[in-house]
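The values are calculated or read from the model by the stated rules, or taken from the named source; none is laboratory data. These numbers come from a predicted model, not from an experiment. Note that each Cβ is placed from the backbone with ideal geometry, even for glycine, and that neighbours are counted across all protein chains shown.
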Amino acid sequence: MTEHEHVTDDMEAVVEATELPSRLKAQVYETIDAKADEYGDVTIEQVTDIATGVENRYIETRVDPLDPVGTVSAQSIGEPGTQMTMNTFHYAGVAEIDVTQGLPRLIELVDARKTPDTPMMTVHLDGEYATDREKAHEVVWSIESTRILALGDVSTNVADMLVRIDLNDDTLLERWPTHSNPSEVAAIIAETIEDALGVDARQSGTVIEFGPNEPSYRELLQLVEQLREIVFKGIEEVERVVIRKEEIDDEEQFVLYTEGSAFGDALDIEGVDASRTTCNNIHEIYRNLGVEAARETIIDETKNTLEEQGLDDVNVRHLMLVADIMTNNGEIDSIGRHGISGSKDSVLARAAFEVTVNHLLDAAIHGEYDELDGVIENVIAGKPIALGTGDVDLRMGSRVISDGGQPTDDGDAPANERAD
Amino acid sequence: MQTPKVLGGIDFGLMDPETYRDMSATKVITADTYDDDGYPIDMGLMDPRLGVIDPGLECRTCGSHSGSCNGHFGHIELAAPVIHVGFTKLIRRLLRSTCRDCGRLALDEAQREEFRERYDRAKELGDDPHDVLKAAVRQARKAKTCPFCGEPQADIKHEKPTTYYEVQDVLSGDYSEHIAAAMQPDEEEDEPGTSPQELAEKTDVSLERINEIMAGEFRPRKEDRRAIEKALSIDLTEEDMNKLMPSDIRDWFEDIPDEDLEVLGIDSADSRPEWMILTVLPVPPVTTRPSITLDNGQRSEDDLTHKLVDIIRINQRFMENREAGAPQLIIEDLWELLQYHVTTFIDNEISGTPPARHRSGRPLKTLSQRLKGKEGRFRGSLSGKRVNFSARTVISPDPTLSLNEVGVPDRVATEMTQTLNVTERNVEEARQYVRNGPESHPGANYVRRPDGRRLKVTEKNCEELAEKVELDWEVNRHLVDGDIVIFNRQPSLHRMSIMAHEVVVMPYKTFRLNTVVCPPYNADFDGDEMNMHALQNEEARAEARVLMRVQEQILSPRFGGNIIGAIQDHISGTYLLTHSNPHFTETQALDLLRATRVDELPEPDGEDETGPYWTGRTLFSELLPDDLNLEFTSSTGDTVRIENGQLVEGTIDEDAVGAFGGEVVDTLTKMYGETRARVFINEIASLAMRAIMHFGFSIGIDDESIPPEAEQQVDEAIESAYDRVQELIETYEAGELESLPGRGVAETLEMKIMQTLGKARDSAGEIADQHFGDDNPAVVMARSGARGSMLNLTQMAGSVGQQAVRGERINRGYEDRTLSHYKPNDLSAEAHGFVENSYRGGLTPEEFFFHAMGGREGLVDTAVRTSKSGYLQRRLINALSELEAQYDGTVRDTSGTIVQFEFGEDGTSPVKVSSGEGSGVDIDAIADRVIGAEFDSAEEKERFLGERTPPTNLSEHAGPGLNKAGGLGVESDD
């Protein structure tokens, strides 16, 4: 390791001989280097001591083999559940957007619901989009869905069977910053209306008029209804965007928070920094960024949910395990009868969870065989479970050990030793 | 002795009727159970060949008595086949996907291959094979004719639960009228109508035939019919529903070849589809449906027996009627009735079928109901069982116990036993236990001779029996001090809800615990009950001692800190002891330390008029190890500095010694081992109790009173908040209120009012706070983190503040107002649940009512939450229960699938390292210590480098640690 000037080959040999993982070895080298600068000199004895100290501490902090980490993690997440609030809405970092919080949100995540109750995205911006308010607003307008009521007034003229839209010049220019002439924008809008409603629209300046193809009062009212639904700009799913200035990496940046989400569409928008933009719908993340990103999102979302409830001390490792089992198949499985618990190999394990009878009947039809190697099956069969001390296959012979230290009988006691 | 068999696996499948008959102990033909003398009737439902339940009777099949005979199945020969309700969906699918004539699956070879592959794949990947079956059926159903025999396929209609029809289009009966009507000219629509000639031309059918058809003399053939239908654009067919009797279905299924079933993923060796249609009904053994004898001597039969009686009765009637040649209609009715009874025998909760009821009107609990649900066989009797050697009673506190101990009432100790194997070394001991008899405390209840015979120890025979006790006998002796037992409080939400304690036998009726174990169990003493389990073999006892003892559970795996530590009064106690660092005389100092192992005072800290004195911090330091160095901020807010085991400055409060991550306890456990931590927690608890008793600590209503001028200030603060609210309302009503981004004006107003009133309450609290001395007990408790918060104090002394329902001011009640005390649309603070008074001052009736509304929401919330989070926990545990860390560091489930390559990405244990600590190895600190200063001794060095594990002992009662960890260090017996 040439990069550490104070680390000699001897020292390296000492450290390399330990059981430490490479990341800790690297840290040891760095520390030795730093300490050598600080104290002037580090002897090989001291390095040996440090290495032993670090190694022993490392071994001590490792998770024990045969530790039932799954159950421990499940309990560590489930237990604080009793302390969480049920109140669905609470204000997250952004006061303007309601986000599902607390136990309902945790349940939603673990259930792997297709769409969360309150979908939202956190959109970070690229380069000057992040620092220039004008530019940031450009992104806002291309994300937030713009419907007709935001652009102008709609009135119906029953006598002439016409719908009349008076567009607001300023709004048009604000939302279509690339255009300088309001009537150009109005033309785009008129075109969108024609495509969406199948009518002929007359546009003059910023006034658009159109009516049903055949005069019909009902039709006219329906057209108005449909008109309200048309999205002229932005992403249909995103109802609202809130723009906020935040301190990120010692720099003031604009960050957008959206109500409603369409992650894939948002990533394609110019000015959006795809590497930092996130979404609270794990399925959207999975579809757009793959299963590893989905895992990461599950961890982040569960962690944030717990932290929001003041349970910030729950160890992330538990959340990781939950996220890992949910994504173990390469896709997102829910925790419960439609996901992990329902797809277990063992018939008895499935039957003991939920929908008992159906699992038994199906098992009969497919001629399934239960190997009885899981936990629940062994509880049912009355055998020791294969976790923790139950997973140790070491047996001791019952014969007295003779002087030579050799057992008089060979060590392999019959398997039923314990039973009699 | 017979070697117990170990269950290797369970094979699931359907059973062949022939196998039923072979396995059956007897055929059951009589619907009655017992004759007049009370003996079971031969070939009846209680036939002694099906097993015995009455003591004394002998099983006619296996010869054993009740208790050792598990029972034997019998069978009923059904007069006609019936459908098994559990398989109705599959039956429907098979009917739809196979040929009605040749029984073959309507898929060609390529498709078959595809589904076979998909099935194998599903099996390999652990996907649901049933999905493949469904897809295959969907595909096969599309075939209009059989690809093998060309037979046209009919649609199958399934009428739930167990009736199937074949639906075919046939010529309707009134076809001639239909044709005639269509040929009539229609005046209104101005249609000319069709003459027979025209029709004949259009359809290419001879005129004669047309006339015959129109006269109804000739039924048109299919081609002709189609032609006529086309010409006149009418529909001459009607649906013909041909009911498929179970016997027809059975015949149909018999024709399905094995290889076709394989495509559907049905294992033909284990389950032929025709076996889903029952011809023989197995009769469960008597032992599964025992009858109960009521007080009046009457027998009450089990629900299953009732159902079987029904089945046999109908079965008999069916046979009689059929032999007598009854009309088809009656036969069919009986068949349906038989089907109904067999259906409800299997499942009595089928939708659309009225459940079979008991005479009293209660629905019967039949086979399915026995298995299902929380109290069903699977969750209620197999996954969770009732056990012997357990006790349950109320818990109460006992600060004199060690946290490892539990006080067990003597009447529990004499009932619950431990098995003592008599050896050369303990014969005398064993005899003494027996000699004491079952009633005096360290006695014995049973002995077991080497021949396996169990003898009850009684007051009469105990002396005599004691002499007989020899080697290889087993003595079931009472629980004694130092025995290990498992202790549990429900709900068992985490592993610290079940811990092992050492027994201390005590008088009276409650279990006694040290108060420091309340947090892990989440127990209090307002009537909580807990369960105790006595362990019955050495393996279990050893595991409990090493892994489950309370001291091994000091660190919680949830957050990697201690969950056992000082609570409530302990914390107030240490706060009083260390905060202002009071002085104590020698007597007082010794009194404070008298419940600890410290029996010699250190050098006095100084001398005043009364003689030498010791400070509180010095006394506290006596409990710390000599080489402990720590620095942290206490919850009181000052810096706590411990140097070489001496508390130099700072207040010892919740952040130092409290449960849930008290620094000192946490460090002690991680650096000095569990045993040292246990000793410390025990001692800090008793020191704190002594301290709080020394100072005296009480709280009453006067402790929350504030002087009148302060009350006035509070009133002013609230008054000015009211004014601001009024201003807000006025601006709002004038339409001048600017809304916050993304909010409506009304919403904005609400938010602003809430904010203003929140501030008002806070300032009321601040005013009140200024008038409380630092020695106010409520303040002491809130500051030290013992109990309560400044908010509680604010509400007691200042103002209770805004009451909220669903996070908003109270808006419900009458139309446009909350109560009739206010004008409609009154937006003011008091009309929407602002409580301006304090709890001490007392609430007005309106305030009280609003307060109750807010309080109710809290209660509802808790109730909803417990059930939801309970289910979440059950699902999580079910999904993760199989995961285990392996020797290679990976996390795998019990079938070997890797879930994580290293637990939590770095293999660090969550027990020893909390989330924010990174890897948990502080290389810098280790290096500093090694380079920075010489170690005082080789021993210290070894300990620091982790070469020497901290001493531990396995019991507070046995071995060298007998004197409750006496001496200065902790003695080790390992």
>> Looking only at segment B:629-661, how many residues end up being in a loop (DSSP other than H, G, I, E, B), surrounded by 17 or more Cβ atoms within 10 Å (Cβ to Cβ) and either touching a strand residue (DSSP E or B) at 6+ places or on another chain (Cβ under 6 Å) or acidic (D, E) (or both)?
In response: 3
> Can you find even one residue in segment A:289-304 that is assigned to a loop (DSSP other than H, G, I, E, B) and under 16 Å from A:V99 (Cα atoms)?
Replying inline: no
> Of all helices (runs of 4 or more DSSP H) completely enclosed by segment B:410-470, which ones contain at least 2 residues that are over 38 Å from the mean Cα position of the chain (by Cα) and surrounded by 19 or more Cβ atoms within 10 Å (Cβ to Cβ)?
Replying inline: B:427-436, B:462-468
>> Looking at the structure I just gave you, is B:G74 crowded, with 20+ Cβ neighbours inside 10 Å, touching a His at 6+ places or on another chain (Cβ under 6 Å) and not charged (D, E, K, R)?
In response: no
> From the residues in segment B:75-107 that are small (G, A, S) and within 42 Å of the chain's Cα centre (by Cα), which one is nearest to the other protein chains (Cβ to nearest Cβ)?
Replying inline: B:G86
> Which of the strands (runs of 3 or more DSSP E) contained wholly in segment A:199-260 include at least 3 residues that are within 14 Å of another protein chain (Cβ to nearest Cβ)?
Replying inline: A:240-248, A:251-259
> For residues in segment B:887-940 being at pLDDT 80 or above and among the hydroxyl-bearing types (S, T, Y), which is surrounded by the fewest Cβ atoms within 10 Å (Cβ to Cβ)?
Replying inline: B:Y887
> Can you name every residue in segment B:118-139 that is at pLDDT below 80 and either in contact with a strand residue (DSSP E or B) (Cβ under 9 Å, 6 or more places away or on another chain) or loosely packed, with under 13 Cβ neighbours inside 10 Å (or both)?
Replying inline: B:E124, B:L125
>> Can you tell me which of (1) touching a residue at least 40 places away in the same chain (Cβ under 8 Å); (2) aliphatic (A, V, I, L, M); (3) more than 26 Å from A:D345 (Cβ to Cβ) is the one B:V132 doesn't meet?
In response: (3)
> Just checking, how many residues over segment B:49-65 are touching a helix residue (DSSP H, G or I) at 6+ places or on another chain (Cβ under 8 Å), crowded, with 16+ Cβ neighbours inside 10 Å, of a type outside the set (V, I, T) and closer than 23 Å to B:S300 by Cβ?
Replying inline: 3
> If B:E884 satisfies every condition in (1) more than 7 Å from chain A (Cβ to nearest Cβ); (2) crowded, with 24+ Cβ neighbours inside 10 Å but one, which is the exception?
Replying inline: (1)
> Would you say A:T156 is in a strand (DSSP E or B) and modelled with pLDDT of 80 or more?
Replying inline: yes
> Based on what the data block shows, is B:R856 at the interface with chain A (Cβ under 10 Å from one of its Cβ atoms), surrounded by fewer than 14 Cβ atoms within 10 Å (Cβ to Cβ), under 25 Å from B:E747 (Cβ atoms) and of a type outside the set (G, A, S)?
Replying inline: no
>> Against the condition among the hydrophobic types (A, V, I, L, M, F, W, C), farther than 25 Å from B:L577 by Cβ and assigned to a helix (DSSP H, G or I), how does B:I729 come out, does it pass?
In response: yes
> Wholly within segment B:532-600, which helices (runs of 4 or more DSSP H) include no fewer than the required count, namely at least 1 residues that are within 14 Å of chain A (Cβ to nearest Cβ)?
Replying inline: B:538-543
>> Would you confirm, using the coordinates I've provided, whether B:Y613 is more than 50 Å from the chain's Cα centre (by Cα) and either surrounded by 15 or more Cβ atoms within 10 Å (Cβ to Cβ) or assigned to a helix (DSSP H, G or I) (or both)?
In response: yes
> Would it be correct to say that B:G637 is modelled with pLDDT under 85, farther than 24 Å from B:D936 by Cβ, under 44 Å from the mean Cα position of the chain (by Cα) and within 14 Å of chain A (Cβ to nearest Cβ)?
Replying inline: no
> If only one of B:D626, B:D526 is surrounded by fewer than 20 Cβ atoms within 10 Å (Cβ to Cβ), modelled with pLDDT of 90 or more and away from chain A (no Cβ under 14 Å), which one is it?
Replying inline: B:D526
> Residue check: is A:E191 modelled with pLDDT under 80 and surrounded by fewer than 15 Cβ atoms within 10 Å (Cβ to Cβ)?
Replying inline: no
> Residues of segment B:494-523 being assigned to a loop (DSSP other than H, G, I, E, B) and buried (at least 21 other Cβ atoms within 10 Å of the Cβ), which ones?
Replying inline: B:H494, B:N514
> For segment A:333-344, does any single residue satisfy the condition of being under 21 Å from B:I266 (Cβ atoms), outside any loop (DSSP other than H, G, I, E, B) and more than 7 Å from every other protein chain (Cβ to nearest Cβ)?
Replying inline: yes
> For segment B:730-788, which residues satisfy the criterion of being under 29 Å from A:R244 (Cα atoms) and polar (S, T, N, Q)?
Replying inline: B:T731, B:S739, B:T748, B:Q755, B:T756
> If you scan segment B:346-381, which residues turn out to be of a type in the set (V, I, T), within 14 Å of chain A (Cβ to nearest Cβ) and not in a helix (DSSP H, G or I)?
Replying inline: B:I350, B:T366
>> So, B:R809, is that one more than 14 Å from chain A (Cβ to nearest Cβ), touching a helix residue (DSSP H, G or I) at 6+ places or on another chain (Cβ under 6 Å) and among the charged types (D, E, K, R) or not?
In response: yes
> Mind checking which residues of segment B:302-328 are within 17 Å of B:R362 (Cβ to Cβ) and among the hydrophobic types (A, V, I, L, M, F, W, C)?
Replying inline: B:L304, B:V309
>> Pairs please, first residue from segment A:299-319 and touching a residue at least 60 places away in the same chain (Cβ under 8 Å) and within 7 Å of chain B (Cβ to nearest Cβ), second anywhere and assigned to a loop (DSSP other than H, G, I, E, B) and not hydrophobic (A, V, I, L, M, F, W, C), Cβ atoms under 7 Å, 6+ apart in sequence or on different chains.
In response: A:V314/B:R558; A:N315/B:R558; A:N315/B:G560; A:N315/B:P910; A:N315/B:S914; A:R317/B:P910; A:H318/B:P910
> Do you know which of the residues in segment B:898-916 that are in a loop (DSSP other than H, G, I, E, B) and facing another protein chain (nearest Cβ under 7 Å) is nearest to the chain's Cα centre (by Cα)?
Replying inline: B:P910
